[in-house]
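Written out below as structure tokens is the structure these notes cover.
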Amino acid sequence: MIPLDNTKVNVVVRITHKSYPKGAKTVLILAHGAGAPADSPFMEQLAEELELQGVTSVRFEFHYMQKRREDGKKRPPDRAPVLLEAFMQQIEQVRAEVGPECRLVIGGKSMGGRMASMVASGDDNQVDAVVCFGYPFHPPGKLDRWRIDHLPDVTCPLLVVQGTRDPFGKLEEIDAKGNIEGITRLCWLDGGNHDFATLVRHPLDQPDLIREAANITRQFLDDYAGV
């Protein structure tokens, strides 16, 4: 777990619902990946499919992505402590809005999912589950740089939904690595890349796999978060 620093950042909330459904028992907080914003086509469809499954989700953007919106300049993500602080602030905000009885699940796309898992590995973790879509197990082609050391410290159920062709962690690479401690359930999307897109000849396309990811998420939350 990378320790938080004292940096305070602002986050923009992009909510898929005008208000939380009355009596919502679980809310999923989603963070975007390193290069695409909270309203990317992937995140938009994922949120829509989750909603169809009865899963309330809230999306937010890290500070560096907000700045990109403001000036149009691409910039790398902030350091991990800044990203983690932003995530913690978002958890606090949503908790204040939904009350103490609602279960909070956190997750995200790629980097966003990794940050969620790091939040959940902290001593002050107060979330009920983590969901990662396209976890960046390692940089593409760099099997000597695995990003899994913190996963055994995750203190709640953890779901990873991964495309079998994902260059950040392909099926054969994960199989060769063996059991990864800390992951409760690892589900593979056949033919999917890091964005769950498939090759032209594949019988399923990206929307199909995103829909499947939402179905998998709903089942996981039924099993582990009591949706």
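The values are calculated or read from the model by the stated rules, or taken from the named source; none is laboratory data. A quick note: this is a predicted structure, and the numbers were derived from the prediction, not measured. Every residue, glycine among them, receives a Cβ derived from its backbone with ideal geometry; neighbour counts consider all protein chains shown.
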Practice task
Give the residues of the stretch 184-227 that are over 16 Å from the mean Cα position of the chain (by Cα) and of a type in the set (D, E), sorted by residue number.
Solution key: D190, D205, D208, D222, D223
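Given the criterion among the aromatic types (F, W, Y) and crowded, with 24+ Cβ neighbours inside 10 Å, identify the matching residue among F133, F42.
F133
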Exercise for the section: Answer yes if at least one residue in the stretch 210-221 is closer than 17 Å to A129 by Cβ, assigned to a helix (DSSP H, G or I) and in contact with a Cys (Cβ under 6 Å, 6 or more places away or on another chain), and no otherwise. Expected result: yes
Fill in the blank from the handout: Within the stretch 138-163, the residues that are crowded, with 24+ Cβ neighbours inside 10 Å and closer than 28 Å to L199 by Cβ are L159, V160, V161, Q162, G163
Handout entry: Residue satisfying condition, being charged (D, E, K, R) and surrounded by 17 or more Cβ atoms within 10 Å (Cβ to Cβ), within set D195, D124
Key = D195
Exercise for the section: Sort out which residues of the stretch 51-72 are buried (at least 19 other Cβ atoms within 10 Å of the Cβ), of a type in the set (A, V, I, L, M, F, W, C) and out of contact with any Pro (no Cβ under 7 Å at 6 or more places or on another chain), and write them in order of number. Expected result: V55, V58, F60
Exercise for the section: Pull up the stretch 108-137, narrow it to residues that are touching a His at 6+ places or on another chain (Cβ under 7 Å) and in a strand (DSSP E or B), then point me to the one that is farthest from A197 (Cα to Cα). Expected result: G108
Practice task
Kindly check whether there is at least one residue in the stretch 166-183 that is more than 26 Å from L84 (Cβ to Cβ), under 16 Å from the mean Cα position of the chain (by Cα) and either surrounded by fewer than 16 Cβ atoms within 10 Å (Cβ to Cβ) or not β-branched (V, I, T) (or both).
Solution key: no
Exercise for the section: Could you check, for the stretch 99-107, whether at least one of its residues is over 24 Å from D223 (Cβ atoms), part of a loop (DSSP other than H, G, I, E, B) and free of Cβ contacts under 8 Å to residues at least 40 places away in the same chain? Expected result: no
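Mind checking which residues of the stretch 179-227 are more than 12 Å from V55 (Cα to Cα) and among the β-branched types (V, I, T)?
I180, I183, T184, T198, V200, I210
Considering only residues that are β-branched (V, I, T) and within 23 Å of G134 (Cβ to Cβ), which ones fall in the stretch 95-119?
V105, I106, V119, listed by residue number.
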Practice task
Would you check which residues across the stretch 181-209 are under 23 Å from A225 (Cα atoms), among the aliphatic types (A, V, I, L, M) and not in a strand (DSSP E or B) and list them?
Solution key: I183, L209
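If I filter the stretch 163-171 for residues that are free of Cβ contacts under 8 Å to residues at least 12 places away in the same chain and of a type outside the set (D, E, K, R), do I get at least one hit?
no
Checking the condition closer than 20 Å to A47 by Cα and either aliphatic (A, V, I, L, M) or at pLDDT below 95 (or both), which residue from L189, L171 passes?
L189
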